[in-house]
Amino acid sequence: MKIAILPGDGIGPEIVAEAVRVLNVLGEQFEMETAPVGGAGYEAHGHPLPEATLQLAKDADAILFGAVGDWKYDTLERALRPEQAILGLRKTLGLFANFRPAILYPELAGASTLKPEVVSGLDILIIRELTGDIYFGHPRGVRTAPDGAFKGEREGFDTMRYAETEIRRIAHVAFQAALKRDKRLTSVDKANVLETGQFWRDIVTDVHRQYPAVMLDHMYVDNAAMQLVRAPKKFDVLVTGNMFGDILSDAAAMLTGSIGMLPSASLDANNKGLYEPSHGSAPDIAGKGIANPLATILSAAMMLRFSLNMPEQADRIDAAVKSVLAQGLRTADIHESGTTLVGTEAMGDAVVKALN
Ligand code: NAD
């Protein structure tokens, strides 16, 4: 099994190092190769997604990704900014289905900003379409407004668009995921205002005819945002487009106490995937050794489950993470009084020890 290791920037190298240590103690033969990406790619080769890094990702069975980005690259032209690497990988490898489970471990009920009774026992899955929508739509740019009330002024514009195939394939992924869970799917759109949203709703409704066992409901994104913090446990699986999914999944992250706990998987049509924590490169805490590595370690578990067909090893990692939380070990982002504050490496040590 060949795994491309792309640590990236900021806390990326720190948290990925812990996930690699965890993979190394499973007793499996992984071939792991590391390559620079994001700001690190730009520093090494003048491009956030160097050709050799892309090739490594293409050749691998799975990709373990840290995070990219740093404020110091904010003045670079857009094509050279670190974030372009992740967009480029998603697009080039056809990673259209993003899985973001939001599970609240009972031990962390107090770390959430919501009342424990609202979030305890939370187990929802957000499926975000990842290669379409306004993030990739053309035309886009800054121009002189050709018409409208502000004609002649400079304006920024983007294009929201979804092709039928894109909606159908993510809908199938979502219905199939719901079948393996509580068989309830909520499709989130903005059909009351956007043409793209009504089209999305029509296609998801059509795909539903092939999955009669799944209960489907539709929700506008503004209501979904409200329900996610009001009564999140009512959801089972949510499916939505790229931009709404970006925002809602970060909100869901806070339900679980910290974005440092949330893994994610981005899959292609054959379950090859890129696995990364849901958070960014956290430049504010980079190099301090305090970042939470658990989202990345749990992402490695998802990699074993979805792409490498090693569900038992994935279960072992999940159990080891539960065990270190039960021991009361906490990084700063999830620390509460009465628990033991540890750094990135000590948290990784504890997971490795629990596995051994
Ligand atoms: P962020 O997720 O990096 O950080 C948000 C907050 O969460 C910060 O306070 C940070 O310290 C904290 N945090 C994040 N991960 C943590 C962890 N593992 N442990 C403890 N605390 C953690 O988001 P941001 O600050 O908006 O963005 C920073 C950079 O990351 C930007 O350059 C952004 O573009 C980039 N980014 C990259 C990705 C990606 O690589 N996929 C995703 C989102 C943001």
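Whole angstrom only: what separates the Cα centroid of segment 326-356 from the Cα centroid of segment 176-221?
39 Å
Can you list residues whose amide H is under 5 Å from GLY66's amide H, if they're 5+ apart or on another chain and H is modeled 1.01 Å from N?
Placed amide hydrogens put LEU6, GLY8 under 5 Å from GLY66.
Can you give the FRET efficiency to the nearest 0.05 for PHE157 and LYS58, using r as the Cβ-Cβ distance and R₀ = 45 Å?
Step by step, r from the Cβ atoms, then E = 0.85.
Give me the distance in nm between label points sitting 7 Å out from Cα along the Cα-to-Cβ direction at ASN309 and LEU341, one decimal.
Result for the modelled spin labels: 4.7 nm.
Could you compute how fast the chain diffuses translationally, taking Rh as the Kirkwood radius over C-alpha pairs and applying Stokes-Einstein at 25 °C with viscosity 0.890 mPa s? Give it in µm² per second.
117 µm²/s
Quick one: pull the percent of accessible area on the chain belonging to carbon and sulfur, 1.4 Å probe, ligands and nucleic acids left out.
C and S fraction of accessible area: 52 percent.
Could you give the length gained on full extension between ASP123 and TRP71, defined as 0.36 nm per residue of separation minus the Cα-Cα distance, in nm?
15.3 nm
State in Å² the accessible area per residue of segment 97-256; use a 1.4 Å probe, count heavy atoms of protein chains only, and round to the nearest integer.
48 Å²
Could you check the simple spin-label distance between PHE150 and ASP182, using points 7 Å along Cα→Cβ, in nm with one decimal?
4.3 nm
State which helices in the chain qualify, where a helix is a whole DSSP H run, it must extend 15 Å or more along its own axis by its Cα atoms, and its mean Kyte-Doolittle hydropathy must be at least -1.0.
Sorted by number, the helices that extend far enough and score high enough are 12-24, 164-179, 195-208, 242-255, 294-306, 311-326, 344-355.
Solvent-accessible area of MET243, probe 1.4 Å, all protein chains present, reported in Å² to the nearest ten, please.
Counting only protein heavy atoms, the figure is 50 Å².
Using the charge dipole of the chain (Lys, Arg: +1 at Cβ; Asp, Glu: -1 at Cβ; taken about the Cα centre), state which of LEU26, ALA269, ALA177 has its Cα farthest towards the positive end.
With unit charges placed on the Cβ atoms, the residue in question is ALA177.
Over the chain, what is the relative contact order in whole percent, taking alpha-carbon pairs under 8 Å and six or more residues apart?
22 percent
May I ask you to list the chymotrypsin sites (Phe, Trp or Tyr not before Pro) in segment 63-167 that are in a DSSP loop and have at most 13 other Cβ atoms within 10 Å of their Cβ?
Of the chymotrypsin sites (Phe, Trp or Tyr not before Pro), the ones in loops of segment 63-167 whose Cβ has at most 13 other Cβ atoms within 10 Å are PHE150.
If one computes the Cα centroid of segment 136-153 and of segment 96-121, what distance in Å separates the two points?
Segment 136-153 and segment 96-121 have Cα centres separated by 41 Å.
Taking the Cα-to-Cβ direction at GLN210 and at LYS234 and moving 7 Å from each Cα, how far apart do the two end points lie in nm?
3.0 nm
Roughly how many debye, to the nearest 20, is the charge dipole of segment 97-256 about its Cα centre, given +1 on each Lys and Arg Cβ, -1 on each Asp and Glu Cβ, and no other charges?
Here segment 97-256 has a charge dipole of around 260 debye.
The values are calculated or read from the model by the stated rules, or taken from the named source; none is laboratory data. This is a predicted model, so every value here is computed, not measured. Reconstructed Cβ throughout: ideal geometry from the backbone, glycine too, with neighbour counts over all protein chains shown. These accessible areas exclude ligands, DNA and RNA; they are computed on the full protein's heavy atoms, side chains included. Shrake-Rupley method; radii C 1.70, N 1.55, O 1.52, S 1.80 Å.
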